[in-house]
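Here is the structure we will look at.
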């Protein structure tokens, strides 16, 4: 009896693993396909018969000071170190020096190509995204800490009204704010500058709300004791409360950073010039340019996704914990 | 001592307050004002026109198509997402090894940039060399146009059983018949592609919430039910589902609200609104009206309608679910 | 307390300072050679972009006062969006390429025009009188205000596969629409594609030939409009507040395409695919912009002919495509001078001839045609005369600032009609055409009425 029960449990566990694994594969497969494509040549990308990058022959030559690498199909060895090849991009057959032939399987060069394919280059976009995300995060965390502190530890007129108003803004969808904010920023002359990308997001009720909840759980005695000891209200915040509140602060930071890094609609609207684009905006323009070179687009998608995956792997705990507990969207 | 009014509080609230009031509260009013005025490119508020933008919205077939598409998207992605997420969460809750790894994998799509994954999926759906058509080719099925296929889901399914729906329904004799036709044909295959991708992307998010909810159900309730002779399915119905319902409802409302605001996927995968405008959702149409043709008044009216809908949904959420927010692992 | 007061004052000052920085144009910039920077936004990519960049380089090196800094915006619709956004942000380029609809949008609000009226400059320029009347009209707006100079103009041309024509015993490409239809039909019936020989052959002489189509097209209002005018119809009324795309002339024109699809010799393609199909010899005829030849040149390794768009029933008329260049307001006198210098240089006989000869766009002025290299080009290059011959019969599309949207509406309804026909619907095509064109016209009129401006006329 006991044995069959154990066997049954084992079988069930296996079944669970099976389904979860299938699901897991489905979850990850698109990323896998993305990376595979990013390592292929333009000709290989369009071929439907092999999924994994094969060994490919390329003819490398230098024309007008620029290196040209073109995929070829080797047709015939003509001896005398010359080879008859078919250039696959123009479908022409030529004889070339066999010394110029190279074999590659994984085209890591696609990454460099994609990086520089946009103007000025993805470096600028990464810098923009990073600067904006960091400043926004620091700003939002700071303003949230200050505001939440006031709401919990101070008494002042209109406190509840103000908090209700703040809370109400959580119910306002971003879309309603787009046009008026665009016009306000136009008026201020901030369009196409870092100001427009950062300033409106230097405060957020999500953080205020979360910190308020947390601060409210701090025992009042701690505060009273500090006051009796002659600590200033600001000192208490800075020296005692903040160090105690690191978990929610980290959670808010991560979600704010994430939200800023991944946002598309707002930066799309408030920037015009290429220099001010963020990664997401740059990617969207890249994808809409004439002629879709999928291997380059997938390479770009890969390096756009990678930083957050790295962050996620290191800070997983905070992502999942914060989201599950708060149930509020970051 | 600390019960006296301390006006220095205002300094603490000022930074956040100023930003929020200027960029999050005032715009709500400004948005409404924009929608009831008409003006020039640089001065959008010249002439008061009352509710005529709203009246025009009512008569705008593209707007109704966008609303329909948004509704299709919502109805398509929310229940599906919830069911699958619940299923995964239940599986994960089975006290098996490797929970952490699975959770990581399922949550991965959630944190990746939606613009980038939209591109990846666009590539998967590519007509010529995309993965899905390659698979179709392997099993000898005709390739689909996926993101360029304007035929509706119902239309396609019916065609498999050799029933062909009328290609256009002429009812009013006006262009609104397009809306009727689209309702009859169902969401276009293109829109369904976007739905599939969206479900994939947000699955992990819901899984984690469900998992937390599941783990909050006391074990003794299951034991009691088992003693009463209930099998696993009956246990689910009697214990899990009812106790999970606040979580489920919460996810439902949240997902619905988010689904009404879908934009990035549509913009990246079908930058021109899809075949026959069948993937143009409300926010996409709004974006085009506001930032491609710069009709600020009209777009603001649309934004306000969207705002009203979402506001009501959020109120419902707040009222019935309350603020079940607590920090703690 | 003093601390708090100080903070408050500081904050207020900061806010005031921030508010003070309103939108403003950039300052003048000079390069090392002392040339003034003129920013030029355009959407010419690929080989066209190369030619343009070459011309810009020539300009920059030919004089020492100004240098043009070109910025490539990708596509026309993106360029247009960026232009309008830059106007709203108060920071515009100096010169930009744009369609008339955008010009209209930027100049329709009296007192808030974002483009400069070029009349003072044009009056002192001897080139204006040489500009073709169609282009003069295209750049002149209400009250005779000139807001632009022509830049890249083209006309629709018919490309015919001569080898296929030979197979059915025709020496010349079709000259009018009914000829085109009958040739296309015959070709579809009698000519096939031999995969092994890799060329078209008569079906009767081939084993297992693939089908060859007569005519391929991407759904686009341009040809529809040309036919409409040729048949004697009109696109819009004079004030451009109303369009006539549901008239009998319009229905007749759309019916030509519908019949082609129904009878099986014509078919619709996406994007630029019809050009690819033509290059692959899968279709005998296509009608495209004359400039497409520049993109297709390398891929056409068979004998082909380029002739003007087929003529119609009543009128000899065609419709120009392409954009103009305009100068923005508020950039200061020095840069305005530079911008004018550049765009008038583009419209000088030598340069417009060079531009035309290298891109298959048409030259913008009459005296350019007299130049020896232009005469040579006209006579000897296939496709040169096809577009140039249409210069004297060129008309233009309506210029309302709502026109871009109207075009999109028209195109989407045309697509619906073609889709129905492709699906083999039961409905009578005539009633189908009438229904959709009626709906399209109604919607277009609604758009136009929103942007119908009444400018104060000066008497």
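For the reader, a short list of remarks on this structure follows.
- Hits in segment B:124-135 - residues which are more than 7 Å from every other protein chain (Cβ to nearest Cβ) and surrounded by 15 or more Cβ atoms within 10 Å (Cβ to Cβ): B:125, B:126, B:127, B:130, B:132, B:133
- Any hit, segment A:67-87, residues being touching a strand residue (DSSP E or B) at 6+ places or on another chain (Cβ under 7 Å) and within 14 Å of another protein chain (Cβ to nearest Cβ): yes
- Of all residues in segment A:92-104, one or more are assigned to a strand (DSSP E or B), surrounded by 12 or more Cβ atoms within 10 Å (Cβ to Cβ) and free of Cβ contacts under 8 Å to residues at least 12 places away in the same chain.
- Meets criteria (buried (at least 18 other Cβ atoms within 10 Å of the Cβ), part of a helix (DSSP H, G or I) and facing chain A (nearest Cβ under 8 Å)) for residue B:10: no
- Residue match in segment B:101-123 (condition: touching a helix residue (DSSP H, G or I) at 6+ places or on another chain (Cβ under 7 Å), at pLDDT below 95, at the interface with chain A (Cβ under 10 Å from one of its Cβ atoms) and in a loop (DSSP other than H, G, I, E, B)): yes
- Residue A:18 within 14 Å of chain B (Cβ to nearest Cβ), within 27 Å of residue A:304 (Cβ to Cβ) and in a helix (DSSP H, G or I): no
- Among the candidates A:122, A:206, residue that is in contact (Cβ under 8 Å) with a residue 40 or more places away in the chain and touching a helix residue (DSSP H, G or I) at 6+ places or on another chain (Cβ under 6 Å): A:122
- Taking the conditions (1) without any contact (Cβ under 8 Å) to a residue 12 or more places away in the chain; (2) surrounded by 15 or more Cβ atoms within 10 Å (Cβ to Cβ); (3) in a strand (DSSP E or B) in turn, residue A:58 satisfies each one other than (1).
- Residue within segment B:313-320 that is more than 7 Å from every other protein chain (Cβ to nearest Cβ), touching a helix residue (DSSP H, G or I) at 6+ places or on another chain (Cβ under 7 Å) and closer than 28 Å to residue C:88 by Cα present: no
- Those residues of segment B:268-305 which are in contact with a strand residue (DSSP E or B) (Cβ under 8 Å, 6 or more places away or on another chain), more than 10 Å from chain A (Cβ to nearest Cβ) and part of a helix (DSSP H, G or I), in sequence order: B:275, B:276
- Residues that are within 14 Å of chain A (Cβ to nearest Cβ), surrounded by fewer than 21 Cβ atoms within 10 Å (Cβ to Cβ) and either modelled with pLDDT under 90 or assigned to a helix (DSSP H, G or I) (or both) are absent from segment B:159-178 altogether.
- Restricting A:133, A:114 to those that are within 18 Å of residue A:43 (Cα to Cα), modelled with pLDDT of 90 or more and either within 14 Å of chain B (Cβ to nearest Cβ) or more than 34 Å from the chain's Cα centre (by Cα) (or both) reduces the list to A:114.
- Residue that is nearest to the other protein chains (Cβ to nearest Cβ) [pool: residues in segment A:183-195 that are more than 20 Å from the chain's Cα centre (by Cα) and closer than 20 Å to residue A:127 by Cβ]: A:191
- Residue C:106 meets all of the listed conditions (1) assigned to a loop (DSSP other than H, G, I, E, B); (2) crowded, with 23+ Cβ neighbours inside 10 Å; (3) more than 14 Å from chain A (Cβ to nearest Cβ) but one, namely (1).
- Note on segment C:120-194: enclosed strands (runs of 3 or more DSSP E) holding 1 or more residues that are under 23 Å from the mean Cα position of the chain (by Cα) and on the phi < 0 side of the Ramachandran plot are C:149-154, C:156-161.
- Flag if residue C:175 is surrounded by fewer than 23 Cβ atoms within 10 Å (Cβ to Cβ), touching a helix residue (DSSP H, G or I) at 6+ places or on another chain (Cβ under 9 Å) and in contact (Cβ under 8 Å) with a residue 40 or more places away in the chain: no
- Taking the conditions (1) touching a strand residue (DSSP E or B) at 6+ places or on another chain (Cβ under 7 Å); (2) within 13 Å of another protein chain (Cβ to nearest Cβ) in turn, residue A:58 satisfies each one other than (2).
- Condition met for residue A:4 (more than 7 Å from chain B (Cβ to nearest Cβ), in contact (Cβ under 8 Å) with a residue 12 or more places away in the chain and over 16 Å from residue B:105 (Cβ atoms)): no
- Selection within segment B:37-67 - crowded, with 17+ Cβ neighbours inside 10 Å, in contact (Cβ under 8 Å) with a residue 40 or more places away in the chain and either more than 10 Å from chain C (Cβ to nearest Cβ) or out of contact with any strand residue (DSSP E or B) (no Cβ under 9 Å at 6 or more places or on another chain) (or both): B:37, B:41, B:53, B:57, B:62, B:63, B:64, B:65, B:66, B:67
- Residue within segment B:80-88 that is free of Cβ contacts under 8 Å to residues at least 24 places away in the same chain, assigned to a helix (DSSP H, G or I) and more than 8 Å from chain A (Cβ to nearest Cβ) present: yes
- Looking across segment A:144-182, the residues that are outside any helix (DSSP H, G or I) and either more than 25 Å from the chain's Cα centre (by Cα) or within 25 Å of residue B:12 (Cα to Cα) (or both) come down to A:154, A:155, A:156, A:157, A:158, A:170, A:171, A:172.
- Yes/no for residue B:308 being out of contact with any helix residue (DSSP H, G or I) (no Cβ under 9 Å at 6 or more places or on another chain), within 12 Å of chain A (Cβ to nearest Cβ) and part of a helix (DSSP H, G or I): yes
Residue-wise test of (1) assigned to a loop (DSSP other than H, G, I, E, B); (2) under 19 Å from the mean Cα position of the chain (by Cα); (3) at pLDDT below 95; (4) closer than 19 Å to residue A:297 by Cα.
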site	(1), (2), (3), (4)
B:126	yes, no, yes, yes
B:129	yes, no, yes, yes
B:133	no, no, yes, no
B:136	no, no, yes, no
B:142	yes, no, yes, no
B:147	no, yes, yes, yes
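- Answer from C:352, C:323, C:364 - the residue that is without any contact (Cβ under 8 Å) to a residue 24 or more places away in the chain, under 19 Å from the mean Cα position of the chain (by Cα) and surrounded by 20 or more Cβ atoms within 10 Å (Cβ to Cβ): C:352
The values are calculated or read from the model by the stated rules, or taken from the named source; none is laboratory data. This one's a predicted model, so the numbers in the text were calculated from it and none came from an experiment. So basically every Cβ, Gly included, is an ideal-geometry build from the backbone, and we count neighbours across all protein chains shown.
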